[in-house]
Amino acid sequence: NLVFAQDFNSQWTAHYSFNTIADFQISEDIIYSAADNAVFLYDISTDSNEAITTVNGLSGEAISSIYYSSVYDLIFIGYDNGTIEVVFNDRTVRTFVDIVNKPTISPNQKSINQFYEYQNKLFIATGFGVIEFNLDNIEFGDTFFIGPGGSQIEVSGVVVLGNEIFVSTPSNGLFSADVNSTNLVDFNSWNTLVAGGFLGVYILNNQIVVWQNNNTISTYANGTLSLEITNPTLISDVQVLEDSLIISSAQTSISYDTNFTQVASISSSVENTFVLNTSLIYNGNWYLGTQESGLLEISNIDLANVDTLSPEGPLSNDPFALEANNDDLWVVYGDYSGSYNPFPLKQRGISRLTSDNWLNIPKENVLGATSLSYITINPNDPEEVFISSFQDGLLRVKDNVVTNLYNTTNSGFETLVPGEEVVRLNGSIFNRSGELWVLNSRIDNGLKLFDPETAQTTNINLSSVISDTSADLGFSEIELDRSGNVFFGTFLNGIIGYRISDGKLIRISGEGEGANLPSNNVQTIEIDQNNQIWVGTSQGIRVIFNATRTFDESNPQAEQIIILDDEGVPQELLFDQFITDIEVDGANNKWVATSFSGVFYLSADGQETFQHFTTANSPLPSNNVLDITVDDSNGAVFFATEKGLLEFKGVATGPTENLDKVIAFPNPVRPGYNGLVTIRGLTARANVKITDIEGNLVYEEVSDGGSIQWDTTAFGRHKVASGVYLILITGEDATETTVSKLLIVR
């Protein structure tokens, strides 16, 4: 059950948060730190970071422990689900899923709790027993089930002192055995030394030290426990490094010497607030692994000298909504449930990525707004951003500062609960006049046109098309067609359309003889470059082929997309899939996010699937993808998954057998388009020359795979002028050639 992980560095960038530190270890001036589902190495001597993520081949699951073997130069990563990954010094990754795949072990008992190196072995403490791992051969050895009758019991820690191996368990006591025994697989080889609950076992000054589940630290010798320390608060972690014992609790870290005398302590303060998971002292400095503030270094045990060592990143690994434009990405963390329930209300900040630099607005600076669910960037002023809260109203952000929270007290937005501020806003979009259409859920005047200058709203009453607006638990996404007409999705009533010219409202809903929607729960809509409405529901996808015409039809129809499977059998595209988002790129192709099946990249008409990204074939840490945004300026595609944020670069494909299906897109390149032109359908190592109509060479490249991208400049110097350009393609052996044309209109 060994998997050699794939490295995705050429096309993917991971944007993980390293603010929650699960575990870390220090060895020879390098800190090996485990965050939620990625790790990083911090070099103390050079003040530099190296992140290792799903892009390098990690699984993306929740990490429980990390260990570095200096003898073998290997990093071991343990996960809650039982996965173990070995990272070699060339950063290749081997993934072991033996434990994950064992049906005889309950899924909630597979956690990897600790690694302990002894000679050429690792002893691994797990949720079901102790595993032996051979460091010479990089393979599993025996498994020791040490519970009564050889049953599975959780093991919290393991150490070796002299010829004895000691094992701590949270519920079944402290155990030992002869480490040189050839029969450790027999539970009778293990002795129960002391009954009780033990959360860790350590060696300090050549004696056994245990962390008991009543917040005490004791030594063990000759069948007797001797109480050494009683901690006044709940202990979150205990570590031993050289001659120091370090106890972490939520707000305080305390170090003790080998005589269990307190040497120093450090506590969270008003100026430097943290919630502590684990901590160590190294070379006179304190290192804190925190719950929300990352890895902190406190020089000389002085809170005035605090440095954050974690790599830059977003605030958290549970992004909910994204919006990108012109190399500028905004992220919020929501959220609400599938039935639009925002509770428990999540108060998080706002993240922004520009030119590879992260700026985070903390939760304390968002004016108390919770459940931030939707982002709209002002197309005329990228420094002005409006963010919907699905509980508290509308935030305005200007120059990275939250300036206003619009609710019933200072705008025309309405509350769900009279007398309280329960203002559930979601989708929003700017019209050509600089006003913002906003969806105000569960009220009659649910469609509002908000004037950012005056904070006044024009109300559109929906009661003629939604009989009980309070029962429709949420409105989702809003789009404008070519004529500026409004369309948006609902939880119970399909799609609502509003014609600007005469105020006509329509409802497109119902299965079968209705509008042929697979479900009236419309999670997302997208109007593409052909004025078609792509509809994502909780049970599949549909297309309405002319948005504007729906207002004049008695029963507008949404159509299935019928494709042929590999055997030529017709089937419905994305049948019964829970669609969370649909986005259109510069080539009018469709990116489709799902709750259970990852991401699909479809041709403009949906007939061809260019890519299907899942956890199995990509760095996505989860197949539950909540949102997508496409940056048209550079072609970057961002995916918000329930376990982190990923970026995909370009539209590369594998090489083809011949040049019969070469295509360049977008074609034509229209005014205002600043993205890349992709030339796809190339054979391996094909030579691509691009010339103007007079034969002047403006670009040349040899393809690595099946496609290349061109920024429409003359060898990077300046944008080429309007005109027809010839794409001259020659196969690697020069026996096959083809010519394609590209029209550029500036």
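Listed by first and then second residue, the pairs linking a residue in the range 252-272 that is at negative phi to a residue that is among the aromatic types (F, W, Y), with Cβ atoms under 6 Å apart and 6 or more places separating them unless they lie on different chains, are Q262/Y256; I266/W286; S268/F274. Among the residues of the range 514-524, those that are in a loop (DSSP other than H, G, I, E, B) and either in contact (Cβ under 8 Å) with a residue 24 or more places away in the chain or of a type in the set (F, W, Y) (or both) comprise G514, A515, N516, L517, P518, N520, N521. Report, by residue number, each residue of the range 364-376 that is free of Cβ contacts under 8 Å to residues at least 40 places away in the same chain and either farther than 19 Å from L626 by Cβ or not hydroxyl-bearing (S, T, Y) (or both). Across the range 364-376, the qualifying residues are E364, N365, V366, L367, G368, A369. The residues on offer are L682, L659, and the sole one that is of a type in the set (A, V, I, L, M, F, W, C), assigned to a loop (DSSP other than H, G, I, E, B), touching a residue at least 60 places away in the same chain (Cβ under 8 Å) and crowded, with 18+ Cβ neighbours inside 10 Å is L659. Mind listing whichever residues of the range 26-68 are part of a strand (DSSP E or B), in contact (Cβ under 8 Å) with a residue 60 or more places away in the chain and not small (G, A, S)? The answer is I26, I31, F40, Y42, N49.
On the stretch given as the range 341-373, residues that are closer than 15 Å to D392 by Cβ and either hydroxyl-bearing (S, T, Y) or assigned by TED's automatic domain parsing to the domain that holds S441 (or both) total 3.
Considering each residue of the range 100-123 in turn, none proves to be closer than 21 Å to P621 by Cβ, among the aromatic types (F, W, Y) and touching a residue at least 40 places away in the same chain (Cβ under 8 Å).
Test I165 against the criterion of being assigned to a loop (DSSP other than H, G, I, E, B), modelled with pLDDT of 95 or more and not assigned by TED's automatic domain parsing to the domain that holds I84, and give yes or no.
Working: assigned to a loop (DSSP other than H, G, I, E, B): no; modelled with pLDDT of 95 or more: yes; not assigned by TED's automatic domain parsing to the domain that holds I84: yes.
No; evaluated as a whole, the condition is false for this residue.
I'd like to check which strands (runs of 3 or more DSSP E) are fully inside the range 537-593 and have at least 2 residues that are of a type in the set (V, I, T). Lay out the reasoning, then the answer.
On the way: elements: 540-544, 562-564, 570-572, 579-584.
By residue number, 540-544, 562-564, 579-584.
Per-residue answers, yes or no, for (1) within 17 Å of the chain's Cα centre (by Cα); (2) among the charged types (D, E, K, R); (3) buried (at least 23 other Cβ atoms within 10 Å of the Cβ):
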| position | (1), (2), (3) |
| --- | --- |
| Q571 | no, no, no |
| Q577 | no, no, no |
| I582 | no, no, yes |
| A604 | no, no, no |
| Q607 | no, no, no |
| T614 | yes, no, no |
| N617 | yes, no, no |
| N624 | yes, no, no |
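If the condition is being part of a loop (DSSP other than H, G, I, E, B), touching a residue at least 12 places away in the same chain (Cβ under 8 Å) and on the phi > 0 side of the Ramachandran plot, then the range 124-162 contributes G129, I138.
Residues to consider are G672, G681, G706; find the one that is out of contact with any Phe, Trp or Tyr (no Cβ under 7 Å at 6 or more places or on another chain), closer than 24 Å to A324 by Cβ and modelled with pLDDT under 90. G672 is the lone residue from the list that is out of contact with any Phe, Trp or Tyr (no Cβ under 7 Å at 6 or more places or on another chain), closer than 24 Å to A324 by Cβ and modelled with pLDDT under 90.
One residue stands out among those in the range 416-433 that are polar (S, T, N, Q) and in contact (Cβ under 8 Å) with a residue 24 or more places away in the chain: the one that is surrounded by the most Cβ atoms within 10 Å (Cβ to Cβ), which is N426.
Residue-level check: of (1) free of Cβ contacts under 8 Å to residues at least 60 places away in the same chain; (2) out of contact with any Leu (no Cβ under 8 Å at 6 or more places or on another chain); (3) not hydrophobic (A, V, I, L, M, F, W, C), G675 misses just (1). Within the range 197-216, the residues that satisfy the criterion of being part of a loop (DSSP other than H, G, I, E, B) and either at positive phi or at pLDDT 95 or above (or both) are G197, N205, N206, N215. Between I247, I266, the distinction of being part of a strand (DSSP E or B) and modelled with pLDDT of 95 or more belongs to I247 only.
The values are calculated or read from the model by the stated rules, or taken from the named source; none is laboratory data. Please read all numbers here as calculations on a predicted model, not as lab measurements. Glycine also receives a Cβ, built like all others from the backbone with ideal geometry; neighbour counts cover every protein chain displayed.
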